[in-house]
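Have a look at the structure below, then the notes.
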Amino acid sequence: MRNFEYHCQTNIMMGNGQSKEIGSIVEDLVLPGAKVMIVTDSGVRNAGLVQPIEAYLQEAGYSVFVFDQVSPNPRDNECLAGAELFRKEQASAVIAIGGGSPMDTAKAIALLGPNGGIPEDYKSGKKAYANLSPLICIPTTAGTGSEVTRSSVITLAASHKKITLKHALLRPTIAILDPALTLTVPKSITAATGVDALVHAIEGYSCKVTNPISKAMGASAMETIVKYLPAAYKDGSDLEARYKMQEGSLLAGLCFGSADVAAVHCLAEALGSLYDTPHGIANAVFLPYVMQFNAAENKVLHAELAKIMSFADKTDSDDVAIQKLIDGMYTFTKNLGIPVLKDLSYVKEEDFEKMAELAEQNGSTSSNVRTVTKADYLDILKAAFDQ
Ligand code: NAD
């Protein structure tokens with residue numbers, strides 16, 4: 001038994017076509033006539049998702065400008081450029097349209113725009129999280145859950161290190177989930193982002209700092225994602241599967257958002273910071289191997305995970321269920337066309353030492369259900385590479 005807190009002040013609105021209501025939704029935050037800043041990226045813009053929302057805002061009387069200089073795995077210099085523009089244009093609110101990269105950048109702009117400084121000032125405690133701009137997040141992938149989390153993951157361009165700003169005030173004011181906006185997500189990104197959401201649910205459910213609310217959200221997210229991700233991958237125009245995947249990713253965000261992620265994410269962020277590997281793929285390549293490592297000391301928990309995700313039968317022994325979980329997870333990601341570590345030709349074995357070190361330094365290492373050291377991370381990396 002341990003004490004816990006659960007927070008989520010974000011007002012969540014979900015439905016097909018919900019983003020069309022943006023004009024009246026934003027009125028809850030700023031009056032018509034105000035200037036609002038849209039943060040997005042070129043891929044989302046080219047998919048035609050930004051212009052209609054811009055038009056709904058203009059029809060409602062808002063003046064709109066767009067910042068789209070956001071890379072996948074967004075950089076600190078992009079956040080600073082966005083913050084500069086926020087100040088120059090005297091924006092009254094920030095609206096993110098995109099996946100985790102635009103949403104995390106928008107969180108940083110909502111912080112840095114009004115308050116100045118650089119991301120590390122807030123990470124180190126030199127500056128306080130206060131006086132943030134109102135922020136609306138409209139996710140266009142089903143993966144990160146950033147629309148309801150307190151985190152903004154930023155890569156420092158100079159060192160290539162990923163840092164996570166984490167504070168309750170970074171949770172968006174409003175999240176608008178419109179699954180129709182995910183219909184254009186390409187197949188490989190559907191797979192990678194979906195697995196990212198699944199890992200959030202697994203790690204949020206099983207980490208050391210989990211709580212009963214996170215567990216309830218995580219169990220529901222795992223069931224939903226395992227059922228609907230293959231359908232969304234097979235047929236991207238299946239709106240029911242897209243809807244359920246956004247629901248699953250939202251629940252997964254609510255799961256880990258007041259708990260934590262763990263070793264899979266620590267390794268994924270290390271891989272992403274060295275090679276810019278898409279976040280979901282970076283998670284998937286380590287998932288079965290971290291599960292194997294964790295299950296050795298947490299059999300009941302991992303048998304439970306196997307049963308929640310229907311990889312094992314309710315009557316299976318713990319050992320049988322765990323084996324089915326590891327085999328099932330491997331096959332699940334393989335069927336989604338996700339590569340294994342060795343398929344990533346740019347990954348060099350001589351970088352494993354550095355990756356293990358970065359993973360160990362990650363703040364979520366201490367949340368992993370089994371104590372994990374740099375040497376353990378090295379073993380997991382080798383196992384994933386040699387499989
Ligand atoms: P992403 O935002 O980087 O997008 C990946 C690609 O998909 C981009 O090229 C983008 O243009 C394209 N795309 C997005 N939506 C599309 C659509 N509807 N149609 C067509 N193309 C579309 O990917 P992501 O996986 O959503 O986000 C990854 C980032 O989120 C990483 O930086 C990761 O570290 C971070 N992250 C943050 C949290 C958090 O809680 N803040 C959690 C997990 C991951």
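Derivation of every value follows stated rules applied to the coordinates shown; laboratory data play no part. Worth saying up front: this structure is predicted, and the values here are computed from it rather than measured. Here Cβ is always computed from backbone atoms with ideal geometry, including for glycine, and neighbour counts include all displayed protein chains.
Tabulated results
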quantity	calculated
Rounded to 5, percent antiparallel among DSSP beta bridges of the chain	20 percent
Relative contact order (%) - criterion: Cα under 8 Å, at least six apart; region: the range 11-182	27 percent
For the range 187-386: relative contact order, % (alpha-carbon pairs under 8 angstrom, 6 or more apart)	26 percent
Nonlocal amide H pairs with ILE95, under 5 Å, H built at 1.01 Å	MET37, ILE38, VAL39, ILE136
Relative contact order %, the chain, counting alpha carbon pairs below 8 Å whose residues are six or more apart	15 percent
Phi to ³J(HN,Hα) by Karplus 6.51 cos²θ - 1.76 cosθ + 1.60 over the range 282-298, Hz, x for Gly, Pro	4, 5, 4, 5, 9, 3, x, 6, 5, 4, 4, 4, 5, 5, 4, 10, 9
Theoretical FRET efficiency, 1/(1+(r/R0)^6), r = Cβ-Cβ of ASP327 and THR373, R0 22 Å, to 0.05	0.25
Of LYS234/LYS307; LYS88/LYS244; LYS244/LYS324; LYS234/LYS382; LYS244/LYS342; LYS127/LYS348, those spanning more than 29 Å from alpha-carbon to alpha-carbon	LYS88/LYS244; LYS234/LYS382; LYS244/LYS342; LYS127/LYS348
Extension reserve of the ASP313-GLN9 stretch, reckoned as 0.36 nm per residue once the Cα distance is removed	105.7 nm
Distance between modelled label sites at LEU239 and VAL340, nm, 7 Å Cα→Cβ extension	4.0 nm
Cα gyration tensor shape of the chain, rounded if a/c is under 1.5, else prolate or oblate by comparing a/b with b/c	prolate
Burial ordering of LYS162, LYS314, fewest other beta-carbon atoms within 10 Å first	LYS314, LYS162
Cβ-derived FRET efficiency at R0 41 Å, MET1 paired with ASN46, nearest 0.05	0.20
For GLY363, residues with placed amide H under 5 Å, excluding near neighbours	none
Cα centroid separation, the range 147-170 to the range 294-347 (Å)	29 Å
Simple label model, 7 Å out from Cα along Cβ direction - LEU183 to ALA81, nm	3.2 nm
The range 243-387: C-alpha gyration tensor shape, a/c 1.5 cut-off, then a/b vs b/c	rounded
Long-range amide H partners of VAL64 with built H, under 5 Å	VAL36
Cα centroid separation - the range 95-119 against the range 216-261, whole Å	25 Å
Cα-based shape type of the range 206-324, given that a ≥ b ≥ c are square roots of the gyration tensor eigenvalues and the cut on a/c is 1.5	rounded
Those aspartates and glutamates that a straight Cα-Cα span of less than 18 Å connects to LYS20, excepting residues fewer than 8 apart in one chain	ASP28, GLU54, GLU59, GLU147, ASP178
Residue order, fewest to most surrounding Cβ atoms within 10 angstrom, among THR184, THR155	THR184, THR155
Two-site FRET efficiency, GLU59 against LEU31, from Cβ-Cβ distance with R₀ of 22 Å, rounded to 0.05	0.90
